[in-house]
Structure formats: structure tokens, C-alpha cells
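The values are calculated or read from the model by the stated rules, or taken from the named source; none is laboratory data. Owing to the predicted nature of the structure, the values given are computational and were not obtained by experimental measurement. Cβ atoms come from the backbone with ideal geometry, glycine included; neighbour counts cover every protein chain shown. For the accessible areas, the whole protein counts, side chains as well, though only heavy atoms, and no ligand, DNA or RNA atoms are used. Shrake-Rupley method; radii C 1.70, N 1.55, O 1.52, S 1.80 Å.
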Amino acid sequence: MKRHHLLILVAIAVVGAGSYGLYRLGTQRGMGDTSATDPASAAPNAAPATKPQGATEGEAATRRHIETGLKAGDTDPVSGKSILYYHDPMVPGNKFDRPGKSPFMDMMLVPVFSEGESDQGKVTVSSRIQQNLGVRTAEVIEGMLAPQVSAVGGIAFNERDQAVVQTRTAGFVERLYVRATLDRVAKGQPLVDLYFPDWIAAQEEFLAVRRMQGADLVPLVDGARQRMLQAGMSEAQIALVESTDRTQPRITLAAPIGGVVVELMVREGMTVMSGTPLFRINGLGTVWANAQVPESQSALLRPGAKVQARSPAVPGVAFDGKVQAILPEVDPVTRTLKARMELANPGGRLVPGMFVQMQFMDMRADKAVLVPTEAIIQTGKRTVVMLAEDGGRFRPVDVGIGIETGGQTEIRRGLRAGQRVVVSSQFLIDSEASLRGVEARLNDAPPSNDAKTVAKHAGEATLEAIARDSVTLSHGPIASLQWGPMTMDFKLPASGLPRNVERGDRVSFEFYLNTDGAPQLTAITPLAPESKSDGSKP
């Protein structure tokens, strides 16, 4: 009897446990059904459809895409634009096919939309990201450019301010008033007394004819005067003979200009011949300053440009001048050109051998388009500026530049006054623009300038997988390359993957082998449905 009761109790316990298990199983299945129909349960990390407070427009779009299941290649129903990819604006070089949270920063990825062929290479940056990156822009202006070049030069005599004193007839040096080179002389100062025996005969003849009486003596007087001139006498000396009525065999030669005696070629007691140079005098009213200018800066100089010089030997004094000439000779060792400046030298304080620091100031007559020099990006092959457009869009522009001075660079082509260019963080924006298509179009181009010379191959395949920049195809034999059936990766064409092509589709494709031997697709087209009805692979 007791055994019977025990069996009844065991049976009741078993039935109760089974009922509870069925209840729990039903509850779990019911919860599973709820999560399949409730987006909030199916994706607990998904963002709500409404824009959270403090979220940017791009982050709100990303949350909306997570909720609706959109990805790269789809069209955003709100903006009507195609989604190119998702990225972290702080790390723009990484692209993602699906929305989500950034693996680099505590923020959502931001979608990048396509706005048509005319927008290739452009970058759209929100105002918040611009503020975080410290993006600054400056207006392209039109103005006068004053190149400023500094150089160190040495003072030399102005060879155009030079005079040579010589004798016109044979004679003797009786007295020297200047006895050493580099002595300073003033204009009209006596230099030397000379005695000319040949003058005595000419002067005696002239005086004798003048003393004669007669009406026909005028030709004789004129002839005697001409003989004195031929002997080397000046009009002033002849007038002195006439006024004193005596011969004047001696003459005192005076300095024709003021300056320094750089050559002294006579001494007292010497005999000098006709045409012998006696003195060479250089003026000090102006001097030359010869500067070595790098050939890269020679284009900034031109004859007539103003220059200002200072010397430690004359502190606090500025000497004004101008560029006299750019000498047509380059030093093969230093790669410099010699620029010759003519400086005013009041008081003769600048003397040959002094060093001077020169500042060139050349105001160009024509107006030029100018941008801050920091806006210029030199890549080695091209010169680029980032042009800021409306709506937070930026695009790279190739420009031709001219001279640069004072933090301003001349733009000869590519920009016009009134536009705005980026002057900070432009390297980040330019790298993103390159990823958007500038460099992609170059990399995807056939290796030859003539497309007809590139060997192209075609085939049919099944699309096995899709990556960001490549696809995996299981293709049949490629007769032109003697390839058998295989599965391999192909780089996507510049236009990307067509929207109507998905994984598992049968496609026809065309490709070529690039310089690295990798297959590069030039076209990929889905086959008609009847061509893939059997589902077999090639």
C-alpha cells in the first residue's frame, strides 16, 4: 500500500516538472518571436529614429541607417542621396560599409553621400567637425605684392664715377701735391706742376705775331693759336698767355672730380711723355654694393628696384639705393647670381671692403591674386589649395603660383578674388578628398595612355563576396590567358559595383592585368535571370 502511494507521488512530480518545462519553453519562444518583430529588441544597441540631443546631423543619419538597415550603396530616403561609405571624421582614412560606432573615438560613424559626377573629389565637413579640427579659411584677395629679399654684400668703387688725369705733351714733373694712393681729393684741388719745353716755342710765336703791325695778321694769329692747342694747351692757358703777354711753360693739373686717388703713377723729377696717365681718381658720391643672391630668388629682383643698406661701421644710418644690374653669371659652386646695387654715400662714409646688410623693396606695378602662403600644399608633382564652398564642402584646386613674400603668395591661375581657401587642417581635408576619388581615378586608369594597347579579357562568374575595393569571383576558363576555372579576387573599377549586383549573382565581367599583375575590373554586369536559372557555377 505504501509502495503504491509512493508511485503515485512520483508520477505527480514528473507531470508537474514536465508542465513547468513546457511553460518555460513556451515563454522563451514567445520572447523570441517578440524580438524578431520589435526593432528595439532585435537591436538593443540601435539608435532611436529621432535625433538625440547633442547629436550632429551625420550621427543622426547613422542612427537612422542602423534602425532601417541601410548600408553603403543604398540610397538615404531622407536626403535622396546615395551612401558612399561611413567614416570617422577624426580618422578620415578608414572607410566602413555599414553604420555603427567608431572603433577609434567615442562617437558614431558619419555617412558620406554622393552628389553626382560634379562632386567627385569634394569633402563635406560639418560645422562641428570643422571647429574640432580647427579649420580656418581666408579670402582670396587682389593686391600689390612687394617682394622682400635680404642679402649681404660688399662695398666697391663705382666704376662709372671715375676719372683719369694724364699729360697731353712731353714734360717734366716739378712738384707733386698728392703723394700717396687713397688720399682724398676735392674737385679742383691741385695735383701736380708740370714743365713743358715744347710750349715755349708755340707761345713765343703767338706773342710775336700779336705784336706785329698790319691788317692781314689775323690769319697768322689764328694759326699760332691752333699750334698752341695742338701742343696740348687749353683755352684757359692760352687766355693766360694773352692776358700776361708772357710765356707760361708750366701748368698745374687739378682734380676733375672729388674722391680718392686709387692710382698714382708719377713722382717728382720724372719725365712724362704725351698721353702718360698720371692719376686715377674714383668718386665716393655713390658706391656699388655687390650681393650674392640665390638663383631661386633672382626672379624677385629687377633693375631699378629700391634697396636699403645698413653697415655696422655706420650704426643707425640707412643708405638708400637701387638695383643697377643683375649680372648674367651664376657661380657654379654656390648657385648664386651677383646683383649690383648703387648706393648713395653722403659724406663718403661707405668705403670699399665694408659689409652691408641689404633689404630689397620692390613694389610690383600690376595687381595680383594673393592667398596666404600657409594655404599652399606642395605635393612634389602639383601645387594645390583647398577651396571652401557653401554647405561645408571643400575641394582641391590645382593652382599656378608666382612669387612669395611677407606671408603672401601670388596665384597666377586656378583662383579668383573673393573665393575662400583653407589655411589650417587642409592636409586632413586634402587626404580625404584624395580618398574620395582624386587618386582612385588615377590608380584605376589603365597603365597605358592608349586604351587600345591594353589587353583586355572577359568571362562569366558567380559573385562570391564583396569587399570595399574588390570582389571575389568564381569564374570559368579565360581563354585569352589560358586560365582554367578558379575563384580569385578582382579590384573594382573606378565606377564601383553596380547597385543591382549582389552576392550569389551570375555576372559577366571584363578586366586587364595592371603593372603588378593583379586583375583590375573595367566592367561588371549582371546576367539575365534565365542565364542563372540552373544555379550552377561556371
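Listing for the model above:
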item: Cα gyration tensor, region 213-286 - rounded (a/c under 1.5), prolate or oblate; result: prolate
item: Accessible area in the full protein assembly, largest first, 1.4 Å probe, for Phe490, Phe104; result: Phe104, Phe490
item: All Cα pairs of region 124-184, percent lying beyond 13 Å; result: 85
item: Inter-label distance for Leu220 and Leu481, nm, one decimal - labels placed 7 Å from Cα along Cα-to-Cβ; result: 12.1
item: Length added when fully stretched, Thr75-Arg416, from 0.36 nm per residue minus Cα-Cα; result: 119.2 nm
item: Entries of Lys306/Lys367; Lys381/Lys456; Lys71/Lys101; Lys95/Lys456; Lys95/Lys491 with Cα pairs more than 23 Å apart; result: Lys381/Lys456; Lys95/Lys456
item: Radius 13 Å from Cβ of Gln162, net charge of other residues (Lys, Arg +1; Asp, Glu -1); result: -1
item: Where labels lie 7 Å past Cα in the beta-carbon direction, separation of Leu513 and Gln162 in nm; result: 7.4
item: Stretch gain in nm, segment Ala208-Arg184, where the contour uses 0.36 nm per residue and the Cα spacing is subtracted; result: 4.4 nm
item: With DNA, RNA and ligands ignored, accessible area of Met144 (1.4 Å probe; Å², nearest 10); result: 90
item: Rg [Å, one decimal], Dmax [Å, integer] - region 151-265, C-alpha atoms; result: 18.9, 75
item: Local electrostatic count, Gln324, Cβ distance below 10 Å [Lys/Arg +1, Asp/Glu -1]; result: +2
item: Full-extension gain in nm, Met273 to Ser296, via 0.36 nm per residue minus C-alpha separation; result: 3.0 nm
item: Global geometry of region 190-329, whether rounded, prolate or oblate, following the gyration tensor of its Cα atoms and the 1.5 cut on a/c; result: prolate
item: Equivalent ellipsoid dimensions for region 263-420 as semi-axes, Å, which come from the Cα gyration tensor, largest first; result: 50, 17, 13
item: Dimensionless Rg ratio for region 184-224, taking C-alpha atoms and the 2.2 N^0.38 Å reference; result: 1.83
item: Local electrostatic count at Arg136 - Lys and Arg +1, Asp and Glu -1, tallied over other residues with Cβ under 13 Å; result: -1
